[in-house]
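The structure under discussion appears below in the form of structure tokens.
Every read-out reported here was derived from the displayed coordinates using simple, explicitly stated rules and does not represent laboratory data. Keep in mind that what you see is a predicted model, and the values were worked out from it rather than measured. Using ideal geometry, Cβ is built from the backbone for each residue, glycine included, and neighbour counts are taken over all protein chains shown.
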Amino acid sequence: MNNNKIKHIVIVGGGTSGWMTAAMLVKLFKQQLYITLIESEDIGTIGVGEATIPPLQIFNNVLGIKEADFIKQTQATFKLGIEFENWGNQQQSYMHAFGNVGKDIGFTQFHHYWNKSKPTDINHFWDFSLNYQAAKNNKFSIMDRVQGTPLAGITHAYHFDASLYAKLLRNYSEKLSVKRIEGLITSTTLANDGSIESVSLKDGQIISADFFIDCSGFAALLIEKQLDVGYENWQHWLPCDSAYAVPCERTEALTPYTRSIAHDASWQWRIPLQHRTGNGLVYCSQYLSDEQAKALLLENLDGKPLAEPRKINFKTGRREKQWHKNCVAIGLSSGFLEPLESTSLHLVQSAIIRLSKLFPHNGVQQANVDEFNRQSKLEFEQIRDFIILHYHLNQKETHNDLWQQCRDMAIPDSLKQKIELFKATGTVSRYQDELFTEAAWIQVMLGQGIMPNDYNPLANSVSDADLHDYLGNIKQIINRAVAAMPSHQQFIDKL
């Protein structure tokens, strides 16, 4: 028998990442683990993770949380995509809409046929996105497929109150035997091999465990302050280092998409919830002072602010090791990528699932540690490239500020190859399990001014006349489907 068997886990930190971790581990491992979560009411949460991408549905489904209950308990709304305003030319916008665009034919993706058709303003790429058309018409409905057609239906994510989601998950976890301890950690005891033996609390309690999960946010109490694993800084590619966040009164209409609005040396998020709107401004302190950023955010709110704007400082990058010894960092303790594409909670979710698949129940094995870190590194880098893409392709008419710096900077080779390939041939190169789909990459590159010079010759198998009819039929099907949907507000009211 192995004396290193993992029986007791301590999660340091609550909030959304801590309680997501506790809920999933207690669900999957049931009576195999004894789980303790330590958090302090005195420590606030960052709270920028109020917009998600579609995989959160899978997370909730595994836990058995019904969508209607989730919507009700977290004051959530539905999200069909992210609209980017002023990221190309000023006053221009495009959307990264979730789901498919058009319908592929054979081995050839739809966008090659669209490109072959000599697209114009009358033949807009997003005319063939059901998600986009529903979003811009403030419509929503649950549908796997457009009835009576081969077209895929709606793909959705959520906007929600992260603190209410953490509360929901806490109740869920505690009912399944997770023990919560209120307290502040003051010190950590390490074993001779450098692994963590216990943590000490301000009130004198000493909590020992076999395995520790660091969900302590930017503080990184275990993974950095005790284990000192190092940090890979990406600010030379993503120079923003600050943000202000503030809620404001809800305004009509209740839009089913996130807005990302580019300003001077900054961008603003707008996330509509049932009870309020979440807002924030991400900026580069090299070009914009705190006072200027705060004023810019408050000037561009849709409603009356409900609190004083809260300052957040960050350094974009990742821990060089997300798992070291008997400690795994999940959430902001593992690294930070700004919330431009709503990936913060997805990185939490994927880390939890990755840990579950590689769980060291008979003791920590270096092979598991190495594989976890390899996958985590790749995922962070792939999301990093997608976020850099938005900045690098900006067409804002400014000089000597953030936007020009990002246009002129050398970008990672992995991203450079993607851009050059798409520009030349319309082809998108991606790893099989990469988070962002071909449709996502295509929408951002088209939306920010890259029109492919060519298309796949397989698209020539369809005549111009047949292609014209094909595109017209898809557009007609989408328009009919959207017209039949209830409004976003009506759909939520029914829940």
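Assorted remarks:
- Diffusion coefficient, µm² s⁻¹, Stokes-Einstein with Kirkwood Rh over alpha-carbon pairs of the chain at 20 °C and 1.002 mPa s: 90 µm²/s
- Along the chain, longest interval not containing exposed chymotrypsin sites (Phe, Trp or Tyr not before Pro), exposed being DSSP loop plus at most 12 other Cβ atoms within 10 Å: 108-430
- Hull-based mean projected area of segment 242-313, where the convex hull spans the alpha carbons, in square nanometres: 4.4 nm²
- Relative contact order %, the chain, counting alpha carbon pairs below 8 Å whose residues are six or more apart: 22 percent
- Under a model in which nothing but the beta-carbon of Lys, Arg (+1) and Asp, Glu (-1) is charged, the chain shows a dipole of about 1180 debye around its Cα centre.
- Percentage, to the nearest whole number, of Cα pairs in segment 257-381 over 23 Å apart: 46 percent
- The chain - share of DSSP beta bridges that are antiparallel (%, nearest 5): 70 percent
- Convex hull volume of the Cα atoms of segment 386-455, normalised per residue: 84 Å³.
- Cα lying deepest toward the dipole's positive end in segment 242-313, options 288, 274, 242, charges on Cβ: 274
- Divide the volume of the convex hull around the Cα atoms of segment 209-331 by the residue count and you get 144 Å³ per residue.
- Residue pairs exceeding 28 angstrom between C-alpha atoms, taken from 7/321; 27/202; 315/423: 27/202; 315/423.
- Its DSSP H runs of at least 4 residues, each contributing -39,500 (n - 2.57), put the calculated 222 nm mean residue ellipticity of the chain at -10500 deg cm²/dmol, to the nearest 500.
- Segment 306-330 and segment 50-116: distance between their alpha carbon centers, rounded to Å: 25 Å
- Dimensions of segment 14-101 based on its C-alpha atoms, expressed as ranges along the principal axes with the largest first, amount to 55, 34, 22 Å.
- Remark: the residue 361-residue 295 segment gains 18.6 nm on full extension, using 0.36 nm per residue and subtracting the alpha carbon distance.
- Span per principal axis, largest first, for the Cα atoms of segment 69-140 (Å): 47, 36, 18
- The alpha carbons of segment 402-494 give a radius of gyration and a Dmax of 18.6, 50 Å, in that order.
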